[in-house]
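Student: One structure follows; several queries about it will come next.
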């Protein structure tokens with residue numbers, strides 16, 4: 001491949017068409033040219049060369065230095081490359097704004113999602129625990145406690161468990177004589193998972209994931225009431 005062809009290929013990667021790239025490369029190699037000379041040097045059909053040069057001028061890659069006769073000159077490579085760099089940066093900036101707006105909308109999304117198996121519920125709980133700085137938990141079933149215990153060291157956790165259960169190694173825990181067998185895990189007071197536990201009908205759903213700040217806040221207030229009434233444990237692992 002010749003240097004001319006390599007330059008044309010590089011220009012096409014920047015968004016120029018085949019004829020635009022060939023016309024600019026010819027102008028850059030030979031200097032000021034008439035449309036007829038560009039057509040001959042760049043192997044562009046004469047019927048198309050005027051339109052090609054007009055597009056190059058509109059895009060800022062070439063300039064008409066004379067109108068009679070019509071003569072074109074290339075803009076310097078550093079100028080057009082700086083121009084294209086600014087265009088790319090502006091497109092990236094706009095894309096970033098749109099994506100951040102979309103991300104924010106997703107973060108604020110609300111909904112209730114039925115978790116139809118314990119495996120799905122476990123994934124939801126692990127996601128809430130992993131992604132949250134603060135976790136509030138009321139756990140009545142050893143099955144769920146076993147599922148999340150390895151993650152508790154990575155979050156700030158306060159939890160309430162039934163009196164007969166072993167206290168987790170991590171976090172601050174209190175005991176209460178009786179908890180309705182409905183596990184609740186709340187993350188950052190904005191999302192929660194309910195595990196129906198023993199209340200789940202045979203073959204029925206295991207629980208729900210709730211992405212709603214108002215609902216999660218209400219659940220957090222309920223948790224605080226239970227927390228105040230629960231027996232304080234001096235240390236984890238009791």
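Student: Kindly indicate which of 129, 80, 135 is modelled with pLDDT of 85 or more, surrounded by 14 or more Cβ atoms within 10 Å (Cβ to Cβ) and not assigned by TED's automatic domain parsing to the domain that holds residue 228.
Tutor: Criteria check complete, one pass: 80.
Student: Any residue at all in segment 33-48 that is at pLDDT below 90, farther than 30 Å from residue 170 by Cα and surrounded by fewer than 10 Cβ atoms within 10 Å (Cβ to Cβ)?
Tutor: Of segment 33-48, the ones at pLDDT below 90 are none.
Looking for residues that are at pLDDT below 90, farther than 30 Å from residue 170 by Cα and surrounded by fewer than 10 Cβ atoms within 10 Å (Cβ to Cβ), one finds none in segment 33-48, hence no.
Residue-wise test of (1) free of Cβ contacts under 8 Å to residues at least 60 places away in the same chain; (2) touching a strand residue (DSSP E or B) at 6+ places or on another chain (Cβ under 6 Å).
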| position | (1), (2) |
| --- | --- |
| 74 | yes, yes |
| 92 | yes, no |
| 113 | no, yes |
| 131 | yes, no |
| 154 | yes, no |
| 159 | yes, yes |
| 165 | yes, no |
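Student: Give 75, 85, 91 a once-over and let me know the one that is at pLDDT 85 or above and surrounded by 15 or more Cβ atoms within 10 Å (Cβ to Cβ).
Tutor: 75
Student: Given the structure, is residue 148 closer than 20 Å to residue 219 by Cα, touching a strand residue (DSSP E or B) at 6+ places or on another chain (Cβ under 9 Å) and either part of a strand (DSSP E or B) or at pLDDT 85 or above (or both)?
Tutor: no
Student: Hey, could you check segment 102-122 for residues that are part of a helix (DSSP H, G or I) and within 18 Å of the chain's Cα centre (by Cα) and say which is modelled with the lowest pLDDT?
Tutor: The first filter runs over segment 102-122 and keeps only residues part of a helix (DSSP H, G or I), leaving 102-107, 118-122.
Retained after the next criterion (residues that are within 18 Å of the chain's Cα centre (by Cα)): 102-107.
Numbers: 102: 67, 103: 60, 104: 57, 105: 54, 106: 50, 107: 47.
Per the stated criteria, the residue is 107.
Student: Assess whether residue 125 counts as being under 23 Å from the mean Cα position of the chain (by Cα) and assigned to a helix (DSSP H, G or I).
Tutor: yes
The values are calculated or read from the model by the stated rules, or taken from the named source; none is laboratory data. What you see is a predicted model, and the numbers here were worked out from it, not measured in a lab. Cβ: placed from backbone, ideal geometry, glycine included. Neighbour counts: every protein chain shown.
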